[in-house]
Structure formats: structure tokens, C-alpha cells
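Trainee: Handing you a structure now.
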């Protein structure tokens, strides 16, 4: 049932009250970031967009690709972030490096395709200057026509920092930035049971949404909107009692119960969605004698037995991890919904020129499977004919959000966020006021403001 006041709400939103302090599911100490208002200008002003470009995106770790995207020397991926573009490639020595996608001669983009292979190195198609896989300039066309003084400056491709975690390749433009693992925070330890390094991307869908990137981050940082926009999942999703954990460096987590209907519903017995969830793990709902609250632990037990039959190791996971969504927000723009069977990753990037748009990726990762009985939660939206072998790289599916294609829930959010963007620019709007269900939004903006301290007035 809903709580009667803020104190009661906080107490009711602990998924495992018996968890030891060292357990991954333990409730983190409360962090008070206030309740707003959050200035609306940050969602549409060019001044904010430029301040973020200079003081945020140039200083944080940004995910560029997976290690398996560039398995051989000369393989590369083009990664774009706002107005910047990078070449992430593997060298002859096996090392992964990231170069600004800019020829030092006249500024041309070195590569324009999303990925490829150039084992002999890179060449600028403007004047055929050439560069090794380590970034060194190896050829200047008609060198004899240049004054020596003109060629004294650095002619190599400029390099960005590059570090990896669990198969993810990140880059950073700031030579003084703290290590990547500081930004990943507690997820480094929490993710170990999932063996993320061994996962492969099974689907990646990309769209340009009609809103600022922070509208997207805010929207997916809370479950408060689910009852209004996504009522179809309330029969199997407790949207109200989410455990929210706030960590250093803007990191946060929201843990929500699945296989447990929302307290906003008054339906008695087993609703059709709960029955379907039971059938997925081999339970017969007609033979079930428990209450609605007993369905989730029954599914957890059934999944452990089923895992033994399928040869899957769940020994490192808690019972709650077998059913619930453990959603981590990696500041500033990555969210990961973690499940033993797979990860739903949401990626938010700023548009190059328009603060009222952002690039949104929905990415599903799984361990390569040959047994079709092993699937991630249905809400991740993998098509029935998805190749789960992981043998072939996945092409990015570019879709128009107005025509759908991201999946039912994301299509609903795309339409909503476009209207949120418009409403935020009304002269009557004074800024977001946050509930305890929206703590992650306040935590995110507090960290954002630390990066932009002194650069903005609002």
C-alpha cells in the first residue's frame, strides 16, 4: 500500500531490509540533494549547451564502442559526441587508441563511415596525408612544397585518453580526469556476477528524439511516470516502492520489483500478466495456492531450478537479482538495467547543434546463446528472430521515433518527451519540483552543476 508520509515512504522502499552493509543490494545512506526547482533554461539554451560542451563532455568518460567491435589491427569505429568525432581503433600492438577524427593539415574528417578496417593505417581523402595505426603522420604529399617551419608543429593525429571496463571502451578528452573506474563507481564490483565482458550486443536501435538529452536522462531516472504513461506494465511492476541508492560522482541505482503488481492496482488474485510470468519459468498458475505477494519468490526459486537444468550458473546472484530490475545510472549519460540473462542499456548523447534534440540508443546485451529458452526479460524488446549466437556484429538500426520501432514503452516516451520539451519553454514554468521518487534526478543535476560551477548562473 502507498505510504502515509515521506518518512514512511523511505522506509517502505528497501527491497531487502536484511541485506548486510557489504551486500550489493544493501540500501545506501540517504543523500539529500534537495527538491528543486531545477532551472528550465538548462534544457534549451545555447549557453547551457556550450557550457556542457566545454565543461562536461570534455571532462567525463564517454562510451565509444565494445572491444569486440575492433578485434583486429586496423579495425575501427567512428564515435561522435556533439561536434566532436573520434576514431577508436586497434593498433598493430593490440592496444586500443582513440584519435580525434580530424586531419591536422586542413581539418578534414579522416573517416566518415560508422566502422571499417584499415590495417595499413589512415589516409585523409582531401590531400592524402597518411597516418599509422598509432597516429603518427607517415606521409605528407608533396612535402618539398612546404616550408620546414610549417611542418615543425605536431602533424600526428591528436589522441584522447582511452580506457576499458568489462569490454566497454571509453574515451576522455581531459588528460587530468580521474580514472574511468572512479566514474563507474560501485558498479565495478556489483557487475562482477553478470560477466559483462563476455556479453555481446544483440540489438542496437538509434533515434534522434525531439528533446534535450537531460529530458531523456531525467525521464528514465524515475519510475514515477510509469502509472500514467505505461499502465500496461503495472500488473507485473511495482512502480511505487523503488529502492533508490545514491553514490559518489553522480552514480545512482534504482531497484524495482518485477513479478509483483503495482500497489496502484486493486485486482485480486493472479492477473494475466503475472500468470504469464509464471508460465515463462515453468510454473502452472492454476496449481498455485499462494497470494500475489508469493509469486515473485516462487518465480525466483523456479528460475534457480530452471538454471540448473539449462546449465546456467546463478550461484553468484541474490534472489532479488533473478526477478528485479537493478538499474544503474553512470553519470552523465548511461543507464543499465541489469539482469542475469541480459542488460538493457540506454545511451543519451547531445545533438551537435540543437539543444532541443538528442541521440538516443537502446542497446541489448546478452551472453551468446544457442538455447532459445534463455532469453532476457520481454520488455527489452528483442525480436523473435534475433540471432543470439553473438557470432556476427550487430548493425545499428536507425529509426524515426514518429514511426515507432523502438518498442512500445520507448515509443510512448518519445512522444511524451517531445511535449515535455515544449512545456519547459513556457514563461509560466519555473522549474522541476522533485518528489522522493525522483531522487536520482536531483543527484544527477547536483553532479552536473559541480562540473559547470562558475560557468552558468542558473
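Trainee: Are any residues in the stretch 92-104 assigned to a loop (DSSP other than H, G, I, E, B) and either in contact with a helix residue (DSSP H, G or I) (Cβ under 9 Å, 6 or more places away or on another chain) or crowded, with 16+ Cβ neighbours inside 10 Å (or both), and if so, which ones? Spell out the reasoning first.
Mentor: Our first condition is that a residue be assigned to a loop (DSSP other than H, G, I, E, B); within the stretch 92-104, this holds for 92-95, 101-104.
Residues satisfying the conditions are 101, 102, 103, 104.
Trainee: Test residue 162 against the criterion of being part of a strand (DSSP E or B), surrounded by 20 or more Cβ atoms within 10 Å (Cβ to Cβ), under 31 Å from the mean Cα position of the chain (by Cα) and outside the structural domain of residue 394 (by TED's automatic domain parsing), and give yes or no.
Mentor: Values: part of a strand (DSSP E or B): yes; surrounded by 20 or more Cβ atoms within 10 Å (Cβ to Cβ): yes; under 31 Å from the mean Cα position of the chain (by Cα): yes; outside the structural domain of residue 394 (by TED's automatic domain parsing): yes.
Here the answer is yes, as residue 162 does meet what is asked.
Trainee: Looking only at the stretch 416-458, which residues are more than 26 Å from residue 248 (Cβ to Cβ), part of a helix (DSSP H, G or I) and in contact (Cβ under 8 Å) with a residue 12 or more places away in the chain?
Mentor: Correct list: 416, 417, 418, 420, 421, 424.
Trainee: Now, a different point. Would a scan of the stretch 364-372 turn up a residue that is in the same structural domain as residue 239 (by TED's automatic domain parsing) and more than 30 Å from residue 72 (Cβ to Cβ)? Step through it out loud before you land on a result.
Mentor: Residues of the stretch 364-372 in the same structural domain as residue 239 (by TED's automatic domain parsing): 364-372.
Then keep just the ones that are more than 30 Å from residue 72 (Cβ to Cβ); that gives 372.
Yes - at least one qualifying residue is present in the stretch 364-372.
Trainee: A follow-up question, please. From the list 154, 108, pick out the single residue that is at pLDDT below 95, farther than 30 Å from residue 387 by Cβ, assigned to a loop (DSSP other than H, G, I, E, B) and not assigned by TED's automatic domain parsing to the domain that holds residue 25. If you could, list the steps in order and put the result at the bottom.
Mentor: Values: 108 fails: at pLDDT below 95.
Of the residues listed, the single one that is at pLDDT below 95, farther than 30 Å from residue 387 by Cβ, assigned to a loop (DSSP other than H, G, I, E, B) and not assigned by TED's automatic domain parsing to the domain that holds residue 25 is 154.
Trainee: Ok, one more. Yes or no: the stretch 280-288 includes at least one residue that is touching a residue at least 12 places away in the same chain (Cβ under 8 Å) and surrounded by 22 or more Cβ atoms within 10 Å (Cβ to Cβ).
Mentor: The answer is no, given that none of the residues of the stretch 280-288 is touching a residue at least 12 places away in the same chain (Cβ under 8 Å) and surrounded by 22 or more Cβ atoms within 10 Å (Cβ to Cβ).
Trainee: Got a sec? Which of 135, 116, 121 is surrounded by fewer than 16 Cβ atoms within 10 Å (Cβ to Cβ) and closer than 30 Å to residue 67 by Cα? Spell out how you get there, then give the answer.
Mentor: Values: 135 fails: surrounded by fewer than 16 Cβ atoms within 10 Å (Cβ to Cβ); 121 fails: surrounded by fewer than 16 Cβ atoms within 10 Å (Cβ to Cβ).
Only one candidate passes the filter, namely 116.
Trainee: Would you call residue 63 modelled with pLDDT of 95 or more and farther than 28 Å from residue 419 by Cα?
Mentor: Values: modelled with pLDDT of 95 or more: yes; farther than 28 Å from residue 419 by Cα: yes.
Judged against the criteria, residue 63 is a match.
Residues checked against (1) surrounded by fewer than 16 Cβ atoms within 10 Å (Cβ to Cβ); (2) assigned by TED's automatic domain parsing to the domain that holds residue 430; (3) assigned to a helix (DSSP H, G or I):
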position: 11; (1), (2), (3): yes, yes, yes
position: 15; (1), (2), (3): no, yes, no
position: 18; (1), (2), (3): yes, yes, no
position: 22; (1), (2), (3): yes, yes, no
position: 26; (1), (2), (3): no, yes, no
position: 30; (1), (2), (3): yes, yes, no
position: 42; (1), (2), (3): no, yes, yes
position: 48; (1), (2), (3): no, yes, yes
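Trainee: Quick one: is residue 292 touching a residue at least 12 places away in the same chain (Cβ under 8 Å) and under 31 Å from the mean Cα position of the chain (by Cα)? Can you show your working first?
Mentor: Details: touching a residue at least 12 places away in the same chain (Cβ under 8 Å): yes; under 31 Å from the mean Cα position of the chain (by Cα): no.
For residue 292, the condition - touching a residue at least 12 places away in the same chain (Cβ under 8 Å) and under 31 Å from the mean Cα position of the chain (by Cα) - is not met.
Trainee: Just give me the residues in the stretch 111-151 being out of contact with any strand residue (DSSP E or B) (no Cβ under 9 Å at 6 or more places or on another chain) and part of a loop (DSSP other than H, G, I, E, B), in sequence order.
Mentor: 125, 126, 127, 136, 142, 146, 147
This table checks each residue for (1) free of Cβ contacts under 8 Å to residues at least 60 places away in the same chain; (2) under 20 Å from the mean Cα position of the chain (by Cα); (3) part of a strand (DSSP E or B); (4) on the phi < 0 side of the Ramachandran plot.
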site	(1), (2), (3), (4)
211	no, yes, no, yes
217	no, yes, no, yes
227	yes, no, no, yes
241	no, no, no, yes
245	no, yes, yes, yes
249	no, yes, no, no
255	no, yes, yes, yes
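Trainee: Among the residues of the stretch 289-312, write down those that are surrounded by 19 or more Cβ atoms within 10 Å (Cβ to Cβ) and not in a helix (DSSP H, G or I).
Mentor: Hits for the stretch 289-312: nothing passes.
The values are calculated or read from the model by the stated rules, or taken from the named source; none is laboratory data. In this text the structure is predicted, and so the values were computed from the model without any measurement. Here Cβ is always computed from backbone atoms with ideal geometry, including for glycine, and neighbour counts include all displayed protein chains.
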